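Data block below; observations after.
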Amino acid sequence: MRFLYLDIDTLRPDHLGCYGYHRSTSPNIDALAERSAVFENVHASDVPCLPSRTALLTGRFGIHNGVVNHGGTDADPVFDGAGREFWSSLQLNSLPTNLKGRGGRQGGARMRTVSISSFAQRHSAFHWYAGFDEAYNVGKFGLESADEVYAIAEDWLRRKGGEDDWFLHVHMWDPHTPYRAPASLGEPFADSPLPAWYTEDVRASHWQSCGPHSARENYGFAPNRAMLPVYPRQPQETPDMLAARKLFDGYDCGVLVADDYVGRILNLLADLGIDDETVVMVSSDHGENLGEMNVYGDHQTADQITTRIPMILHWPGLLEGGRYSAMHYHVDVFATVLELLEKKVPEAWDGESFAKELKDGSDQGRNFLVVSQAAWACQRGVRFGDYLYLNTRHDAFHLWEDELLFDLRTDPHQQHNLAPTALTELSKGRDLLGEWLGDMIVDAARGRDPHDNVMQEGGPYHVRGKLESYLRRLHKTERGHLADQLAEKYASEL
């Protein structure tokens, strides 16, 4: 079996046509989706980048593999210590090792595993390579464009694609900031309206609020106008709706560029005569807030927008259509892939296979999900029914309430907090989080809740040590009252 995993960084599903987006950002992905299984409620268990891909590699939630942050103790996985064998548990339990069948000791054919990605370099996450036979790094720390990634993928496929039994991971970064679609693309969405939920009233309210990557500071903690000549599509602030259009268009152009190279890769499979013998998956590590929660072009939350990812799976002869709405973690999908490939799912994995349900044609998944963020905010989200419950220990200087509750059926962009009034649902969210944490803490990687450690080390990595300078900026931009609130809330950080 040949397996192609097209990993498009920072790709939120609702900006793809096959998930209902009104702009034509993804004609090639949409065409693939028409002959694929499309999963509508897959979430990364841990976000953003480093925690998500570590969970994917290990099959384990961040609370178990040790990675929930982008810096500090909890940005590295926990290793075996004195009990380490010649092959570490990381090596033995990794996704690529188990795709191969643990060196041929499992049943099924041995797959050659290959990754084309600069992820490990960008995040000093060299555990990512555990189990891969080949790894190719473009060498630009995630700032490369899809054409550079495609050149490596094309070369590999022309050399090796005709062979049997391989897993090829191709990682494109184009939707990620800084937005860098080439000037030659023009402005393909100039005549397309912005998403209807994003209005001038929303923008104006955000402009008066605070937080890194907010309406007033689109790229970090303050505008960086020196970037504009290099990245003209990347906005620095959103003072009006014209600037808001630049944000949405910049992101959507990145999606369109990645989609173009998805099409090129799929056409190459056809040219090589292997398209009918290749499983193709399109997914991502996390989504991207584009104004939701007053986060502009970043992934700071454990909400629906950042944790929900696209999952499109074309499996010739098995999955060639259908839409599935049941809730799954991304690690569940890869446990399912292993089982469909007649490989064993490691006992240590948190991922649970739903291969039997797929084969039976049923749409069943988890009753609820708990998702984690500790690189910007320190926050957990609980997805149950139509609801999202957010429990926040550090709000990344956005001044969110400690508890938030949203009805995603009527409020998909999380604008109306129901926590003060929907007390039954609020209590259920709390209870589910407590139940999950009680179950997970027994095998916690460092013997404790990693969010406790993140807070004791000074908070999530991307906001550590940033408060004092940000308070000065708030005072300079007529938001002194917000600075006072932050100074009181985070006095220990001053």
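The values are calculated or read from the model by the stated rules, or taken from the named source; none is laboratory data. Keep in mind the model is a prediction, meaning the values are calculated, not measured. Cβ atoms come from the backbone with ideal geometry, glycine included; neighbour counts cover every protein chain shown.
Okay, residues lined up against (1) surrounded by 13 or more Cβ atoms within 10 Å (Cβ to Cβ); (2) farther than 19 Å from THR307 by Cβ; (3) under 21 Å from the mean Cα position of the chain (by Cα); (4) not small (Gly, Ala, Ser):
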| residue | (1), (2), (3), (4) |
| --- | --- |
| ARG380 | yes, no, yes, yes |
| GLY429 | yes, no, no, no |
| GLY438 | no, yes, no, no |
| ARG448 | no, yes, no, yes |
| HIS451 | yes, no, yes, yes |
| GLU457 | yes, yes, no, yes |
| LEU467 | yes, yes, no, yes |
| TYR470 | yes, yes, no, yes |
| LYS476 | no, yes, no, yes |
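Among the residues examined, VAL463 does not qualify as closer than 30 Å to GLY220 by Cβ, surrounded by 18 or more Cβ atoms within 10 Å (Cβ to Cβ) and either among the polar types (S, T, N, Q) or touching a Ser or Thr at 6+ places or on another chain (Cβ under 6 Å) (or both). Look through ALA183, ALA204 and report the one residue that is small (Gly, Ala, Ser), touching a residue at least 24 places away in the same chain (Cβ under 8 Å) and farther than 25 Å from SER52 by Cβ. None of the other options fit; the residue is ALA183. Would you confirm whether any residue within region 363-371 is touching a residue at least 12 places away in the same chain (Cβ under 8 Å) and either small (Gly, Ala, Ser) or touching a Pro at 6+ places or on another chain (Cβ under 6 Å) (or both)? Yes, that holds for at least one residue.
Can you find even one residue in region 241-258 that is at pLDDT 95 or above and in a loop (DSSP other than H, G, I, E, B)? The answer is no, given that none of the residues of region 241-258 is at pLDDT 95 or above and in a loop (DSSP other than H, G, I, E, B). A count restricted to region 298-339 and to residues that are assigned to a loop (DSSP other than H, G, I, E, B) and in contact (Cβ under 8 Å) with a residue 60 or more places away in the chain stands at 8. When we screen ARG323, ARG409 for residues that are among the basic types (Lys, Arg) and in contact with a strand residue (DSSP E or B) (Cβ under 8 Å, 6 or more places away or on another chain), the only hit is ARG323. Evaluate the following for ARG393: is it outside any loop (DSSP other than H, G, I, E, B), buried (at least 19 other Cβ atoms within 10 Å of the Cβ) and either within 22 Å of the chain's Cα centre (by Cα) or free of Cβ contacts under 8 Å to residues at least 40 places away in the same chain (or both)? No, not satisfied. Residues of region 33-51 that are buried (at least 21 other Cβ atoms within 10 Å of the Cβ), out of contact with any strand residue (DSSP E or B) (no Cβ under 6 Å at 6 or more places or on another chain) and either of a type in the set (Asp, Glu) or part of a helix (DSSP H, G or I) (or both): CYS49, LEU50, PRO51. Within the bounds of region 216-237, is there any residue that is modelled with pLDDT of 95 or more, touching a Phe, Trp or Tyr at 6+ places or on another chain (Cβ under 7 Å), in a helix (DSSP H, G or I) and within 20 Å of ARG479 (Cβ to Cβ)? No; the residues of region 216-237 include none that is modelled with pLDDT of 95 or more, touching a Phe, Trp or Tyr at 6+ places or on another chain (Cβ under 7 Å), in a helix (DSSP H, G or I) and within 20 Å of ARG479 (Cβ to Cβ).
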